[in-house]
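Student: Take this structure, written in structure tokens, and hold onto it; I'll ask about it next.
What follows draws every value from the coordinates through simple rules; no lab data is involved. Owing to the predicted nature of the structure, the values given are computational and were not obtained by experimental measurement. Please note: Cβ atoms are built from the backbone with ideal geometry, for glycine as well, and neighbour counts cover all protein chains shown.
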Amino acid sequence: MSFVADISDICYKENFKDKAIILAEKYSLKLSPLAAKQPYLHFSENPHIKFKDKKIISSFRSGSFTNRIKNFQRESHLKKAIGYGGESSKKILDCTAGLGHDAFILALLRQNVTVVEKNKGLCILFELALENLPQTSYFQEAKERITIINDDSASFVDKLLEYDVIYVDPMFEDRGTAGRSGVMSLISDYLDDFTDVSDVLIGSKFNRLVIKRQKQFKQSSNIAPSFILSGKSINFHVFI
């Protein structure tokens, strides 16, 4: 997924300065104790991306995503899509990390997940959401199974066979119906442009490819999935 909109500054409260410096160096961003030109990342007790006078907030401790975390073992379609095998761990490449929700569920399912996200702001929100998890062995083990890479997933096309599963969630196949939820609608508004990498991946060599699709999705590729797992609002297209 190729994003155009992205942050260039981190603004921070004084008591968050040390961590803000680390993030600014890691992601090659400018530091500002005052509000910068939007979009920017505001680092405080409730870190968020500020854009168009709106906020994108990501937390794994509050909001609707907490229900998925509590019931992660009930993700039957996701399990079937990746070929889940109980205690065995697969090496998964998530090519469209976004806020990292699916990646975290996969990690809770004891999968080793490398997430690739080109947008620096979304990478940081995901990283901070993981850091703010309760300090329990249960969550820390899942956290340690996740590797975040700030890059364009298209650069991984020649490395797909190194992974057991390639996972893709295009998110906004139809921008007119992009709002799966409040935060997803905000992300759609935040991103200026994006490219669906799915067609490129479908035509590449891989062991297993899983694409999360909206129910109304119309197939554009000439290569049909091996099978489709149908849910209430989304389908998983699985290529083997």
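Student: Please compute the modelled spin-label separation between Thr195 and Arg74, points set 7 Å along Cα→Cβ, answer in nm with one decimal.
Tutor: Distance between label points: 4.0 nm.
Student: Same structure again: Can you list residues whose amide H is under 5 Å from Gln38's amide H, if they're 5+ apart or on another chain and H is modeled 1.01 Å from N?
Tutor: none
Student: Moving to a separate point now. How much FRET efficiency would the formula 1/(1 + (r/R0)^6) give for Phe217 and Ser62, where r is the Cβ-Cβ distance and R0 is 35 Å, rounded to 0.05? List each step's numbers first, then the result.
Tutor: Numbers: r = 31 Å, r/R0 = 0.87.
That pair, Phe217 with Ser62, gives E of 0.70.
Student: Just want to confirm a number: the relative contact order over segment 62-184, from Cα pairs under 8 angstrom separated by 6+ residues, in percent. Kindly include the intermediate steps, with their values, before the conclusion.
Tutor: Working: 145 pairs, mean separation 35.6, N = 123.
Dividing the mean separation by the residue count of segment 62-184 yields 29 percent.
Student: Can you give the relative contact order of the chain as a percent, counting alpha carbon pairs under 8 Å and 6+ residues apart?
Tutor: Details: 428 pairs, mean separation 48.3, N = 240.
With pairs under 8 Å counted, the relative contact order is 20 percent.
Student: Taking θ as phi - 60°, what are the ³J(HN,Hα) couplings along segment 46-63 by the Karplus curve (6.51, -1.76, 1.60), each to the nearest whole Hz, with x for Gly and Pro?
Tutor: 10, x, 7, 8, 9, 8, 6, 6, 10, 10, 10, 10, 10, 9, 9, 10, 8, x
Student: If you find the alpha carbon centre of segment 68-92 and of segment 100-157, how far apart are they in angstrom?
Tutor: With segment 68-92 and segment 100-157 each reduced to a Cα centre, they are spaced 15 Å.
Student: Identify, among Phe227, Thr96, Leu191, the residue whose Cα sits farthest towards the positive end of the charge dipole of the chain, taking +1 on the Cβ of Lys and Arg and -1 on the Cβ of Asp and Glu, with the dipole about the Cα centre.
Tutor: Of the candidates, Phe227 comes out farthest on the positive side.
Student: If you fit an axis through the alpha-carbon atoms of helix 17-27 and take the longest principal axis of the Cα set of the chain, what angle between them do you get, 0 to 90°, nearest 10?
Tutor: 50
Student: Right, something else. For the chain, build the charge dipole from Cβ charges (+1 Lys, Arg; -1 Asp, Glu) around the Cα centre, then report which of Leu125, Leu109, Tyr27 sits farthest towards its positive end.
Tutor: Towards the positive end, the residue furthest out is Leu109.
Student: Could you order peptides 89-101, 204-216, 13-25 by the average number of other Cβ atoms within 10 Å of their residues, highest first? If you can, show how the numbers build up before the last one.
Tutor: Details: 89-101: 22.6, 204-216: 18.3, 13-25: 13.8.
Most protected by this proxy first, the peptides run 89-101, 204-216, 13-25.
Student: Check which residues have an amide H placed less than 5 Å from Lys90's amide H, if you skip close sequence neighbours.
Tutor: Under 5 Å from the amide H of Lys90: Asn112.
Student: If I model a spin label at Gln140 and Ser32 as a point 7 Å from the Cα along the Cα→Cβ vector, what separation in nanometres do I get?
Tutor: Once both label points are built, they end up 3.8 nm from each other.
Student: Order of 184-190, 113-119, 230-236 by packing, highest average Cβ count within 10 Å first? Could you put the intermediate results ahead of the total?
Tutor: On the way: 184-190: 18.4, 113-119: 24.4, 230-236: 13.6.
Averaged packing, sorted descending, gives the order 113-119, 184-190, 230-236.
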